[in-house]
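Here is the structure we will look at, set down as structure tokens.
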Amino acid sequence: MKIYTRTGDSGTTSLIGGKRVPKFDDRIEAYGSVDEVVAWTGLIRDQEEAEGVFELLVDIQDRLMTCASILAADCDNCPNPLPSLSEDDITRLEKAIDDMEEEVEPLSSFILPGGNTVVSYCHVARNVCRRAERNVLRLDALSPVDNLVIKYLNRLSDYFFVLSRKLGKDLGATEIPWKPRL
């Protein structure tokens, strides 16, 4: 199978189910931004400092690919079965968040992202995940989206935030509180 098909040269692409839509369609924006989160997750996963969460990050990438598949489908009876999310996927993130939060100091203010490269990658992933969530919510307003996709993205952005704090603590990075100038 060739990587290029030339079918998108006119500015359209196919959804699962065969319908062609413009490449700027809300559905494409939604699953395209989820794909960005997949890539950022891979970048975090590949950092030596994230070795302890490697398996969970691989699982997160798998679950994000499932989210993208769900978002890319525009068919009631799709020709092939689609992967699915479950509440257990969200519970797994919540458990990881809870476990990490036991190891970091409670927050008393907003913090400025940074302190170490992998910490910064986590903050970028969190922001891209929030954008993906907004894009999915925009799509949901036009065409209902599986609520588990929305919940998963919401929880995942929380996970990336807490992961940034946990990795920062493990690496001895200084958290800089945001002190607004009034």
Inset, instruction - Pick out the one residue from E94, E55, E101 that is over 26 Å from N147 (Cβ atoms) and out of contact with any strand residue (DSSP E or B) (no Cβ under 6 Å at 6 or more places or on another chain). - result: E55
Legend entry - Options A132, A173: the member that is over 28 Å from T66 (Cβ atoms) and crowded, with 16+ Cβ neighbours inside 10 Å: A173
Legend entry - Count of segment 113-160 residues which are without any contact (Cβ under 8 Å) to a residue 60 or more places away in the chain and not in a helix (DSSP H, G or I): 2
Inset, instruction - Look through C67, C122 and report the one residue that is crowded, with 18+ Cβ neighbours inside 10 Å, closer than 13 Å to R165 by Cα and within 11 Å of the chain's Cα centre (by Cα). - result: C122
Inset, instruction - Please verify whether segment 60-71 includes one or more residues that are touching a strand residue (DSSP E or B) at 6+ places or on another chain (Cβ under 7 Å), part of a helix (DSSP H, G or I), of a type in the set (K, R) and touching a residue at least 60 places away in the same chain (Cβ under 8 Å). - result: no
Inset, instruction - May I ask you to list the residues in segment 156-172 that are farther than 16 Å from D89 by Cβ, of a type in the set (G, A, S) and under 18 Å from the mean Cα position of the chain (by Cα)? - result: S164
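Considering only segment 74-104, how many residues are of a type in the set (D, E, K, R), in a loop (DSSP other than H, G, I, E, B) and modelled with pLDDT of 95 or more? Outline the logic, then answer.
Pass one, segment 74-104, residues of a type in the set (D, E, K, R): 74, 76, 87-89, 92, 94-95, 98-99, 101-103.
Pick out the ones that are also in a loop (DSSP other than H, G, I, E, B) and you get 74, 76, 102-103.
In the following step, the residues that additionally are modelled with pLDDT of 95 or more were identified as 102-103.
Total meeting the criteria: 2.
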Inset, instruction - Select from segment 5-59 the residues that are of a type in the set (F, W, Y) and without any contact (Cβ under 8 Å) to a residue 40 or more places away in the chain and list them in ascending order. - result: F24, F54
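The values are calculated or read from the model by the stated rules, or taken from the named source; none is laboratory data. Predicted model, so just to flag it, every value in this text is computed and none were measured. Because the Cβ atoms are built from the backbone with ideal geometry, glycine has one as well, and the counts that use them run over all protein chains shown.
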